[in-house]
Structures are given as C-alpha cells and as structure tokens.
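Enquirer: Quick one: the structure is below, and I'll ask about it shortly.
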C-alpha cells in the first residue's frame, strides 16, 4: 500500500521537510501553534519506533523581520546571508523549546551543497546523523544560508531533504507544502485539474507537470524542485510524498487519509552509488559515443577509447557526468585528472602509456564507481 511505505514498520527512518510558508507567517512571525501539532506527530512516530529527521526552512524569513529587511530578506545575497545568520538562532530556539516540552532533544545541523557532494564530508554528515538518532535526538537540518552562495548551495530544501535521506539511510521523505500534491494542471486556474496520487516512474510527462514558481513568496522551491527531490530520493531507494502542511497534525492526517502524491522508489542501489546518482554538482563532463553508451548500459566500465570530449577542470576521484549524444546517462568517480583524461580521449588502452608516461589504469571510470541515471 502507498501510505504504509511511510509508516514506522516499513520506514525505520523518515525525513520530514517543512517549507517557509508553513512555518512563518507573511508578517515574519513563526506559526508556533502549528509546529507544535507537527511535533506531536513526531512524538507519536517516535513512540512507534520511527526515527525522524526534520529539514526546516524559515531562517531567512524569521531573520528578515527582525532586521527589517525588504523583500523578505531576499533582495540581495548579502541580505539573505545576514537574515539567515539571525533567523537560524531563532529557528533553533523554537525547535529546542517545543521539542523540549515534549521530552525530546533537538540537534542542529547546517549544511552546504559541498558538505554532501564531497564524499568524505558526506560520510561525516552521515555518521553524525546516525549517532544523533541513536542517542534519541531529533536532528533539525537547514541549508547554511549565511555562507552559501549561488555556486555552493542547493537553493531549496526539497532537494536538500532528499539528499539528507540518502545520508541518513531513510526509507521515506515527506515534503510538507502549501499544496497537497502534484496535479495534472494548476488547480488554481484549471477546475478540471486532478491530483496525481501515485507516480511509479518519473518520465518526461511527469517532469513536465513541474512548476518552478513558489506561491507564497517566502520560499525558494516549487513543484519543479519537488520533482527533482523525488528523483534524488528514488535513486537512494527512498519513497517520497508531497503532502499539504496547511492543516494541523499533517503527518497524522496523511496517515489517516492518504491525501497527497506518493513517488514510489525503485529498489535501492548500494549507498555509495546512491550518493553518486543523487549528486547535483559534478566537477566535469565526459562526452561519449554511442558505442561507449551501449557498453555502459550493459554494465561495463567507461574506457577512454569511447570518449570524444572532456569538459571542466577535475581531479582524480572527483564526480563527473557522462554524456551520450542524447544527453546525460551516468555519473562516476573519474580515475584521471581532466588534463590526462583529455590527452587519452579516443585512445585505446594499449596506446595510452606513451601519452601518459606511465602504465594506464584499467578504465577512465570503473564500473564499480559508476551509476547509470
């Protein structure tokens, strides 16, 4: 059943994402009473044996009111960073107080894109989450907007939540939103629009239903970001649901009514390959011909002979995207620096040693370090 996928027996760990428009009123004050009902739901799930990780927006919106910044603190990058620095303290205090009233300990983690894209830092974040959950704490995560820039940020907490689900080994992700799921059209303008209850495959038709706008003006996400989050979560074997948060006790109501859109994940790959597939910022791109693309689809390693172009500046061990004539098909950990990769592109293995000055490695990207998209 679609709803049981998020219940404690099946999802031992659950990531719950809260959008800014749910947590913060248009005047910049927190919806404390609503958050209390959600945390009551968390208490119930904890008692049933489910560990819950919260990904919470709201720092910029809270800080902007305190600092009297225009545009909700998003008029400039400097304003957003300043608002986040002030608002994050307020956000952490809110969770500490409300969780403490319910006998639970809040733990704060602030992450940037690099923290989950760099393999070593990703493993550190994963280990911290594991330990906090084992100790009974409720991790509350947010993007570190006080230092993040356009180049090193997720840009929305929907995708951050999906990436955190990978790091935490969660079985499910619930995105609480100001909409109650994915519709066939914009329900505010098309009365014939219907809710898509279950998505088995994120094909082009489903992705085309995404809308990059954020209705409240407080957040940075939108339906397009939620669909991208569903793809990232699915690559880690985690189911994802888009559920309305505009009601009290949203997790309880979802369990009772099933109202929302559920994206069913395929079987989970190994966690290392899930990390590769869910990455957002590859260091470079390797363009391959049809023959190499077919070999990769058959489970083989990427050999330099099938490469005709190398883009970007990367080092051995970085994540690169493999691009076929029809578009991106894979991600992997590259075995050469970008200069060496460009030097041997299109060259068979037996002729590479003379170009490199040393014996070549078995592959440009080994199949054990590669995942198809």
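The values are calculated or read from the model by the stated rules, or taken from the named source; none is laboratory data. Predicted model only: the values in this text are computed from it and were never measured. In this analysis, Cβ positions are derived from the backbone assuming ideal geometry, glycine residues included, and neighbour counts consider all displayed protein chains.
Enquirer: Scan segment 355-373 for residues that are modelled with pLDDT of 85 or more and part of a helix (DSSP H, G or I) and jot them down.
Expert: 355, 356, listed by residue number.
Enquirer: Evaluate the following for residue 321: is it under 13 Å from residue 364 (Cα atoms) and touching a helix residue (DSSP H, G or I) at 6+ places or on another chain (Cβ under 7 Å)? Walk me through how you get there before you give the answer.
Expert: Details: under 13 Å from residue 364 (Cα atoms): yes; touching a helix residue (DSSP H, G or I) at 6+ places or on another chain (Cβ under 7 Å): no.
For residue 321, the condition - under 13 Å from residue 364 (Cα atoms) and touching a helix residue (DSSP H, G or I) at 6+ places or on another chain (Cβ under 7 Å) - is not met.
Enquirer: Here's a follow-up. Filter segment 293-304 down to the residues that are closer than 23 Å to residue 314 by Cβ and in contact (Cβ under 8 Å) with a residue 24 or more places away in the chain and list them by number. Write out each step before concluding.
Expert: Initial filter on segment 293-304 (closer than 23 Å to residue 314 by Cβ): 293, 295-296, 300-304.
Those that are closer than 23 Å to residue 314 by Cβ and in contact (Cβ under 8 Å) with a residue 24 or more places away in the chain: 293, 296, 300, 301, 302, 303, 304.
Enquirer: Here are some conditions: (1) surrounded by fewer than 16 Cβ atoms within 10 Å (Cβ to Cβ); (2) in contact with a helix residue (DSSP H, G or I) (Cβ under 7 Å, 6 or more places away or on another chain); (3) free of Cβ contacts under 8 Å to residues at least 24 places away in the same chain. Residue 10 meets all but one. Which one does it not meet?
Expert: Result: residue 10 fails condition (3) only.
Enquirer: Condition first: under 22 Å from residue 255 (Cβ atoms) and either under 18 Å from the mean Cα position of the chain (by Cα) or surrounded by 17 or more Cβ atoms within 10 Å (Cβ to Cβ) (or both). Now tell me which residues in segment 197-211 satisfy that. If you could, list the steps in order and put the result at the bottom.
Expert: Kept after step one, since they are under 22 Å from residue 255 (Cβ atoms), are these residues of segment 197-211: 197-200.
The answer is 199, and nothing else.
Enquirer: If you go through segment 59-115, how many residues are surrounded by fewer than 19 Cβ atoms within 10 Å (Cβ to Cβ), assigned to a helix (DSSP H, G or I) and on the phi > 0 side of the Ramachandran plot?
Expert: The number of residues fulfilling the criteria is 1.
Enquirer: For a quick check of your reading of the model, give me the residue pairs whose first member lies in segment 14-39 and is farther than 17 Å from residue 178 by Cα and not assigned by TED's automatic domain parsing to the domain that holds residue 230, whose second is assigned to a strand (DSSP E or B) and modelled with pLDDT of 95 or more, with beta-carbon atoms closer than 7 Å and at least 6 apart or on different chains.
Expert: none
Enquirer: Same structure again: Taking segment 236-252, which residues are assigned to a helix (DSSP H, G or I) and in contact with a strand residue (DSSP E or B) (Cβ under 8 Å, 6 or more places away or on another chain)? Steps first, please.
Expert: Narrowing segment 236-252 to residues assigned to a helix (DSSP H, G or I): 250-252.
Residues satisfying the conditions are 250, 251.
Enquirer: In the set 116, 160, 123, 135, which member is in contact with a strand residue (DSSP E or B) (Cβ under 7 Å, 6 or more places away or on another chain) and assigned by TED's automatic domain parsing to the domain that holds residue 248? Write out each step before concluding.
Expert: Numbers: 116 fails: in contact with a strand residue (DSSP E or B) (Cβ under 7 Å, 6 or more places away or on another chain); 123 fails: in contact with a strand residue (DSSP E or B) (Cβ under 7 Å, 6 or more places away or on another chain); 135 fails: in contact with a strand residue (DSSP E or B) (Cβ under 7 Å, 6 or more places away or on another chain).
Going through 116, 160, 123, 135 in turn, just one is in contact with a strand residue (DSSP E or B) (Cβ under 7 Å, 6 or more places away or on another chain) and assigned by TED's automatic domain parsing to the domain that holds residue 248: 160.
Enquirer: For residue 317, which of the numbered conditions (1) in a loop (DSSP other than H, G, I, E, B); (2) touching a strand residue (DSSP E or B) at 6+ places or on another chain (Cβ under 8 Å); (3) on the phi < 0 side of the Ramachandran plot; (4) modelled with pLDDT under 90 fails to hold?
Expert: The number of the failed condition is (3).
Enquirer: Could I ask something else about it? Look at segment 335-348 and say how many of its residues are more than 14 Å from residue 306 (Cβ to Cβ), surrounded by 20 or more Cβ atoms within 10 Å (Cβ to Cβ) and in contact with a strand residue (DSSP E or B) (Cβ under 7 Å, 6 or more places away or on another chain). Give the derivation first.
Expert: Going residue by residue through segment 335-348, those that are more than 14 Å from residue 306 (Cβ to Cβ) are 335-340, 342-343.
Keeping just the survivors that are surrounded by 20 or more Cβ atoms within 10 Å (Cβ to Cβ) gives 335-336, 338, 340.
Narrowing further to those that are in contact with a strand residue (DSSP E or B) (Cβ under 7 Å, 6 or more places away or on another chain): 335, 338.
Summing the residues that are more than 14 Å from residue 306 (Cβ to Cβ), surrounded by 20 or more Cβ atoms within 10 Å (Cβ to Cβ) and in contact with a strand residue (DSSP E or B) (Cβ under 7 Å, 6 or more places away or on another chain) in segment 335-348 gives 2.
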